[in-house]
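Heads up: the structure comes next, in structure tokens.
The values are calculated or read from the model by the stated rules, or taken from the named source; none is laboratory data. The structure displayed is predicted, hence computed values, not measured ones. A quick note on method: Cβ atoms are made from the backbone with ideal geometry, for glycine too, and the neighbour counts reach across all protein chains shown. Please note that ligands, DNA and RNA were not included when accessible areas were found on the heavy atoms of the full protein model with its side chains. Shrake-Rupley method; radii C 1.70, N 1.55, O 1.52, S 1.80 Å.
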Amino acid sequence: MKLRVLIFVCGLLALAVAHAQRGEHAEAIAHLQRAIALNPENRALARRDPDLEPLHDADAFRRALEPGRR
């Protein structure tokens, strides 16, 4: 993965965390979905990230983490 794309993906994950912490779940999940689409390995990161815990009860969050989903 090119460095520029990697930095962009990290930014998307940071935005997802920021929105999750503010209770803005739809925005957080949208950023997370984009990060996963660019790098599916982000699914595992999202599962373990305690800062995304506010999203764990959301159906959209669970769907985003399903293998093979984009």
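In the chain, the portion of solvent-accessible area held by carbon and sulfur atoms comes to 55 percent [1.4 Å probe, whole percent, DNA, RNA and ligands not counted].
Looking at segment 1-36, the trypsin sites (Lys or Arg not before Pro) that sit in a DSSP loop and have at most 15 other Cβ atoms within 10 Å of their own Cβ are K2, R22.
Mean residue ellipticity, 222 nm, helices only, the chain: the sum of -39500 (n - 2.57) across DSSP H runs of n ≥ 4, divided by residue count and rounded to 500, is -20000 deg cm²/dmol. Roughly what angle does helix 25-38 make with the longest principal axis of the chain, taking Cα atoms, 0 to 90 degrees, to the nearest 10? The answer is roughly 30 degrees.
Accessible area ranking (1.4 Å probe, heavy atoms, ligands and nucleic acids excluded), largest first, for E66, E41: E41, E66. Ranking P40, G11, A60 by Cα position along the charge dipole of the chain, where only Lys, Arg, Asp and Glu carry charges on their C-beta atoms, puts P40 farthest toward the positive end. Put simply, the convex hull of the Cα atoms in the chain casts, on average, a shadow of 4.0 nm².
Over the chain, what relative contact order in percent results from Cα pairs under 8 Å that are six or more residues apart?
Worked out over the chain, it gives 30 percent.
Solvent-accessible area per residue for the chain at a 1.4 Å probe radius, Å²? Mind showing how you got there, number by number?
On the way: 4600 Å² over 70 residues.
For the chain, the solvent-accessible area averages 66 Å² per residue.
What you get for the chain, charging only the Cβ of Lys and Arg (+1) and of Asp and Glu (-1), is a dipole of about 380 debye around the Cα centre.
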